[in-house]
RNA sequence: GGCGACGUGGCGGAGUGGCUACGCAGCGGUCUGCAAAACCGUGUACACCAGUUCGAUUCUGGUCGUCGCCUCCA
C-alpha cells in the first residue's frame with residue numbers, strides 16, 4: 001500500500017497504480033545559475049519515489065524538463081555579454097554533474113524548452129482554438145476568466161492573486177491574472193517565428209506542451225517544489241485542461257518542502273544560496289542523499305553544515321554495519337517495516353529510526369540472522385540509491401609526503417609502503433615505552449592530514465573528516 | 001494584509017489518547033601507556049492558557065511564536 005499526499009485534494013490518498021507504465025513528470029530547473037541544496041532535495045526526494053516504485057515492480061516513464069529560455073537567462077547572459085544558449089549550456093552541465101554525483105536516476109527523457117518550440121506553438125494554437133486565450137499587443141495570454149477551475153490547485157482566491165502582486169501589470173491584458181503563453185520579443189531579445197509574431201514561450205506552457213508530447217494527455221505524478229504550486233503549476237493545469245477539457249491531466253500532484261538556511265528559505269532572491277557541488281565534493285553524494293533522507297520530503301528541512309557533518313557520522317554507522325555484506329532482501333520483518341514507512345507518504349526519517357532499532361538489537365542475533373539483517377539493510381539502501389562507494393581519499397601533494405617521510409629516513413614510493421615503515425618505526429618506540437616520541441609522531445602525521453587509530457586492524461587511516 | 005504549515009529533550013527529527021522513537025552531541029564506564037576509535041550504560045521532552053476525558057504531548061478553542069506561499073524560484 002502506498003499513501004501519498006496529493007496537493008490537489010490536500011489529503012493523503014492511497015495511490016492506485018496501473019500495471020502499465022507509470023508516468024512521472026518532475027519540474028526541473030531553470031538553468032540560470034548553479035544548483036543549490038534545494039535543487040538537490042527535489043531531485044533526490046523524487047528519486048527515492050521512483051526507485052521505490054521500481055522496487056514495487058512498476059515500470060516507470062520518467063521525464064524531467066530543463067527550462068533553457070526565460071527572462072532571467074536572457075538578462076543574465078546579456079549582463080555577461082554572452083548568448084543565452086552559452087549560459088544555459090554551462091549551467092545545464094553543472095546540473096548534470098550534480099544529478100550524477102547524487103546518483104539520481106537519469107530520466108527517460110530530458111526535454112529542453114527550446115527543442116519543443118513547435119510543440120509549444122501547436123499547444124498554444126489548441127488553446128486559442130478553444131477560445132481560452134487571446135492575442136494582444138505584448139503577447140498571447142491565457143484567458144483565466146474562461147477557466148472555471150482556476151486556482152483550485154493552489155487554493156487561492158482571485159482578488160488575492162492580484163492584491164499581492166507588486167509587479168507592473170501589463171495593461172494590454174483582459175485581466176491582471178491572465179498569464180503569458182507567448183511573449184513577443186523586444187528589441188535584441190532572442191525569438192522564434194510564430195503565426196502571432198516573433199517571440200518566445202511563456203514559462204508555464206513548455207511543461208504542458210512537453211508533457212503532452214512525451215507522456216501523453218494524462219500522467220500519474222506531477223512533481224516539483226512546493227514553491228511551484230502557484231503560479232507555475234496552477235497555470236500549467238489551467239492550460240492543459242483548457243486544451244484537453246475531457247482529460248484528467250494529472251492524477252497526483254506531489255510537492256516537496258523547502259530547505260531552510262538558519263530559519264530562512266533559501267532562494268535566489270534572498271541571496272543566501274550555497275552551491276550544492278561544494279558540499280557534494282566535501283561530503284560525498286551518499287552523505288547528501290542521507291541528509292535528505294533524514295527529513296520527510298514535504299516538511300521544511302533545516303540546513304546547516306553541522307547537520308551535514310552529523311549526517312556523515314550517522315551514515316558512517318550504517319555503512320560500517322553493511323560494509324562486508326551482500327545486498328539481499330532476506331529479512332522479511334525489516335522489509336515489511338521498509339514498505340510500511342515508504343508507504344506512509346515516504347516517511348524516511350521513521351525508516352531510519354526503525355533501522356537503527358534493528359541494528360541496536362542485532363547484538364543478540366545468531367550469526368546467520370545477523371548476516372541476513374546486514375544484507376537486508378544494505379538492500380534497502382541500495383533501493384534508495386545509496387552507492388556505498390568509499391570516498392576517494394583526498395590526494396595529498398606528493399612532494400609534501402616525500403618531505404614528511406624524509407624526516408624519518410623513509411623513502412616515499414607509495415603511501416601504503418611509506419606508512420607501513422612509519423608505523424613500524426613508531427611501534428618500536430611504543431614497545432620501548434617511548435610514548436612521547438610515539439605520540440609526537442602521531443601528532444605530526446595528523447598535521448598533514450593522516451590519522452592513526454591504534455588498535456584498529458589497519459592501524460592507520462586518512463583523516464577525511 | 002490574505003492563505004497555508006508548524007511549535008517535541010542541547011541540536012536534528014518520528015510518533016502516539018495511558019507504555020523506549022531514532023540519530024548527533026553530552027555524561028558515566030569497559031578497553032588503551034595516553035588519546036582516538038569501538039563497545040556498554042545513561043535523559044520522565046512534547047510553546048502557553050482553557051476545555052473534552054478516568055487520563056492529553058497526542059482531540060477542541062484561544063493566546064503567543066516560527067516558517068512558507070502570495071513576484072522569478074526545487
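Nothing in this text is a laboratory measurement; each read-out follows from the coordinates by a stated rule. The shown structure was predicted, so the numbers you read here are calculated from the model rather than taken from an experiment. As a convention, Cβ positions derive from the backbone with ideal geometry for all residues, glycine included, and neighbour counts pool all protein chains shown.
Table for the structure above
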read-out	value
Virtual spin-label span in nm between residue A:360 and residue A:82, 7 Å along Cα→Cβ	5.1 nm
Calculated FRET efficiency for the pair residue A:13/residue A:186, C-beta based, R₀ 41 Å, to 0.05	0.35
The range A:313-429, Rg to Rh (Cα coordinates; Rh as Kirkwood inverse mean 1/r)	1.21
Packing rank of A:73-83, A:125-135, A:357-367, A:172-182, where each peptide gets the mean count of other beta carbons within 10 Å, highest leading	A:172-182, A:125-135, A:73-83, A:357-367
Euclidean distance of C-alpha centroids, the range A:429-450 and the range A:309-360, integer Å	38 Å
DSSP beta bridge pairing in chain A, given as percent antiparallel to the nearest 5	50 percent
Contact order relative to length of chain A, as percent, for alpha carbon pairs under 8 angstrom and 6 or more apart	16 percent
Centroid-to-centroid separation of the range A:107-157 and the range A:228-243 [C-alpha atoms, Å]	8 Å
Hydrodynamic radius of chain A per Kirkwood, over alpha carbon pairs, in Å	25.4 Å
The range A:398-462, relative contact order in percent, only Cα pairs under 8 angstrom and at least six apart counted	15 percent
Peptides ranked, highest mean first, by Cβ atoms within 10 Å: ranges A:192-198, A:248-254, A:85-91, A:432-438	A:248-254, A:85-91, A:192-198, A:432-438
Packing-based exposure ordering (other Cβ within 10 Å, fewest first) of A:140, A:63	A:63, A:140
Residue-span extension gain [residue A:444 to residue A:159] - 0.36 nm each, minus C-alpha spacing	95.8 nm
Pair residue A:424, residue A:131: separation of 7 Å Cα→Cβ label points (nm)	9.3 nm
Chain A: calculated mean residue ellipticity at 222 nm from DSSP helix runs of at least 4, using -39500 (n - 2.57)	-13500 deg cm²/dmol
Cα long-axis angle, helix A:234-243 against chain A (0 to 90 degrees, to the nearest 10)	50 degrees
Computed FRET value (nearest 0.05) for residue A:413 with residue A:367, which takes r as the C-beta separation and R₀ as 45 Å	0.65
Taking the convex hull of Cα positions in the range A:398-462, its mean projected area over all directions (nm²)	4.1 nm²
Rounded to 10°, Cα long-axis angle of helix A:348-361 versus longest principal axis of chain A	20 degrees
Angle between chain A longest axis and helix A:117-129 axis [Cα atoms, degrees, rounded to 10]	40 degrees
Computed lengthening from residue A:454 to residue A:433, 0.36 nm per intervening residue step minus Cα-Cα distance	6.1 nm
Sequence ranges A:337-350, A:401-414, ranked by mean other-Cβ count within 10 angstrom, highest first	A:337-350, A:401-414
Sites residue A:332 and residue A:307, calculated FRET efficiency, Cβ-Cβ separation with R0 30 Å, nearest 0.05	0.35
